[in-house]
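The values are calculated or read from the model by the stated rules, or taken from the named source; none is laboratory data. As the structure is a computational prediction, the values presented were derived from the model and not from experiment. All Cβ positions, glycine included, derive from the backbone under ideal geometry; neighbour counts span all protein chains shown. Just so you know, the surface numbers come from the protein's heavy atoms only, side chains and all, with ligands and any DNA or RNA stripped out. Shrake-Rupley method; radii C 1.70, N 1.55, O 1.52, S 1.80 Å.
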Amino acid sequence: MIARRWHGRIPATRAEEYLTLMKDVGLPDYRSTEGNRGAWCLHRRDGDIVHVEMFTLWDDLDAIRRFAGDQLTKAKYYDFDPDFLLELEPEVTHLEVIEP
C-alpha cells in the first residue's frame, strides 16, 4: 500500500469555500478511483494562511496512475485550484505503508 500526500496553502479568508470544494469535488474524485483505499482532507490554520493536506491511500502505483496520470510525483490540480492556492506546488510525496 502507498500513501500519497499533497500540500497547499490558501488565504484563511477563503478557507471555508475551498474546503467545501475539496469535500464536494476532490474527495469524491480520489475515492472513486479504482485502487483508492481512502482519502482525507486535513487542514490547519497558521495566522492568515490555512495549510491543506490531501492524504490518500492506494493499493499500488497503478492505482495512483489511474488518478494522477503517468507522472506519479506531479501534483494533480483541479480547475478551481489556481483561484485559491497561493502557489501550485509541483510535486507530491509518496510513502510506503507497513501493513499488519
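Each other residue within a Cβ distance under 12 Å of G38 adds +1 if Lys or Arg and -1 if Asp or Glu, for a net charge of +2. Just G26, G69, G35 to compare: in a GNM of the chain, with alpha carbon springs under 10 Å, which one fluctuates most? Among G26, G69, G35, the largest mean-square fluctuation in the Gaussian network model of the chain belongs to G69.
Rolling a 1.4 angstrom probe over the chain with all protein chains present gives an accessible area of which 49% lies on carbon and sulfur atoms. Modelled this way, with points 7 Å down the Cα-to-C-beta line, the labels at E87 and T20 are 2.9 nm from one another. Summing charges over all other residues whose Cβ lies under 13 Å from the Cβ of P11, with Lys and Arg as +1 and Asp and Glu as -1, gives -3.
Around M1, with a cut-off of 10 angstrom between Cβ atoms, what is the net charge of the other residues, counting Lys and Arg +1 and Asp and Glu -1? Counting the neighbours of M1, the net charge comes to -3.
Once you order the gyration tensor axes a ≥ b ≥ c over the Cα atoms, which shape class does the chain get: rounded for a/c under 1.5, otherwise prolate or oblate by comparing a/b with b/c?
Taking the square roots of the gyration eigenvalues as a ≥ b ≥ c, the chain is prolate.
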